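Inspection log for the structure reproduced underneath, given as structure tokens.
The values are calculated or read from the model by the stated rules, or taken from the named source; none is laboratory data. Owing to the predicted nature of the structure, the values given are computational and were not obtained by experimental measurement. Every residue, glycine among them, receives a Cβ derived from its backbone with ideal geometry; neighbour counts consider all protein chains shown.
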Amino acid sequence: MNNQIAELQKNVEAIRKTAGDLEYWSARDLMTCLGYSTWESFKTAVNRAQEACQNTGQDTMDHFRDVTKMVEIGSGTQRAVEDVLLTRYACYLVAQNGDPRKPQIAFAQNYFAIQTRRQEIWEQRTMENKRLEERGKLRDTEQKIERTVYQRGITQSIDFATFKNKHIEALYGGINTPDLKRMRRIPKARTLADFDTDVELKAKSFALGMTDHNIRAQNLVGKDRLQSEVVANSAATREALLARGIIPEKLKPEEDIKKIERRRAKEQKVIDAGLKKLLG
């Protein structure tokens, strides 16, 4: 069976097409790999797969795209035939809704289930990497502006906390840090940014980065002027987000950054232990 799955994998990857970062398959090409001889019978499986996709709440247009292509019919002539372009997830659904009596279908179900899960894991790790990177950048920006304002009139911890809260209020439409934590069910002792989306992390870095630049460039001094500057830049950042349909306070919190960092550290220990064992 493993040999048959390997053969299916080879055939499926051979007909895979790409367009930039996108990958897709032609349903007519996949039809042969899955043991179908007629388009009419295979189209039934494709239609059932589209229904299954819709039932999961996803937009079928994201995974199934009806197209027309030209095929050779002999003597150098061509005719137009219907086809459907499929994502990897769509191929998985087609296999799930195919004729179970065909051995190729059973192998395809196993193959695409594995590949789809791999894709999901890859996408999750990509999003985690983006958040980890942006969280690190925000830490650096916060440390930088803390040094800047300390030299210019904000020297007490309570005053810097007020400065940061002014930044949050301006970015989130008047909602302060404690209220935002309650809305998102984030523990009081935890840092708000550890639950931010990557968009929020970028927005905060941008607003604080502008503030740090203007404080230095305009030689601003004093708590009131420093607070006014961070409010102005945070409000401007909010307006840019709203103009693109992003309402910061309505974004849902993400997984705790600390939890991701602990999981990554644990995974790295396993990898290091494996390498140490391999190298003796």
| task | Show the residue pairs that are 6+ apart or on different chains and have beta-carbon atoms under 8 Å apart, the first residue being within segment 67-91 and modelled with pLDDT of 90 or more, the second being part of a strand (DSSP E or B) and small (Gly, Ala, Ser). | result | 83/26; 84/26; 85/26; 86/26
| query | Among the residues of segment 190-197, is there at least one that is in the same structural domain as residue 233 (by TED's automatic domain parsing), hydroxyl-bearing (Ser, Thr, Tyr) and closer than 22 Å to residue 130 by Cα? | reply | yes
| field | Complete set of residues in segment 160-179 that are more than 20 Å from residue 245 (Cβ to Cβ) and of a type in the set (A, V, I, L, M, F, W, C) | value | 160, 161, 163, 168
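Here is a yes/no grid of residues against (1) under 14 Å from the mean Cα position of the chain (by Cα); (2) assigned by TED's automatic domain parsing to the domain that holds residue 212:
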position	(1), (2)
102	no, no
107	no, no
110	no, no
120	yes, no
130	yes, yes
133	yes, yes
136	no, yes
140	no, yes
| Looking at (1) in contact with a helix residue (DSSP H, G or I) (Cβ under 7 Å, 6 or more places away or on another chain); (2) not assigned by TED's automatic domain parsing to the domain that holds residue 234, can you tell me which one residue 87 breaks? | (1)
| Hey, does segment 87-101 have a residue that's in contact with a strand residue (DSSP E or B) (Cβ under 6 Å, 6 or more places away or on another chain) and in a strand (DSSP E or B)? | no
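Which residue, of 170, 217, is exposed (fewer than 15 other Cβ atoms within 10 Å of the Cβ) and assigned by TED's automatic domain parsing to the domain that holds residue 232?
That would be 217, the only listed residue that is exposed (fewer than 15 other Cβ atoms within 10 Å of the Cβ) and assigned by TED's automatic domain parsing to the domain that holds residue 232.
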| Subset of segment 174-195 (residues that are touching a Leu at 6+ places or on another chain (Cβ under 9 Å) and surrounded by fewer than 16 Cβ atoms within 10 Å (Cβ to Cβ)) | 184
| Which numbered condition residue 151 misses (of (1) surrounded by 14 or more Cβ atoms within 10 Å (Cβ to Cβ); (2) without any contact (Cβ under 8 Å) to a residue 40 or more places away in the chain) | (1)
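Regarding residue 33, is this residue assigned by TED's automatic domain parsing to the domain that holds residue 107 and touching a His at 6+ places or on another chain (Cβ under 8 Å)?
Details: assigned by TED's automatic domain parsing to the domain that holds residue 107: yes; touching a His at 6+ places or on another chain (Cβ under 8 Å): no.
No; evaluated as a whole, the condition is false for this residue.
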| message | Name the single residue that is farthest from residue 9 (Cα to Cα) among those in segment 25-42 being modelled with pLDDT of 90 or more and crowded, with 17+ Cβ neighbours inside 10 Å. | response | 42
| field | Residue that is farthest from residue 186 (Cα to Cα), among those in segment 220-250 that are of a type in the set (D, E, K, R) and surrounded by 12 or more Cβ atoms within 10 Å (Cβ to Cβ) | value | 225
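Here's the yes/no breakdown for (1) touching a Phe, Trp or Tyr at 6+ places or on another chain (Cβ under 8 Å); (2) at positive phi; (3) at pLDDT below 95:
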position: 184; (1), (2), (3): yes, no, no
position: 188; (1), (2), (3): no, no, yes
position: 196; (1), (2), (3): no, no, no
position: 201; (1), (2), (3): no, no, no
position: 210; (1), (2), (3): no, no, no
position: 218; (1), (2), (3): no, no, no
position: 231; (1), (2), (3): no, no, no
position: 234; (1), (2), (3): no, no, no
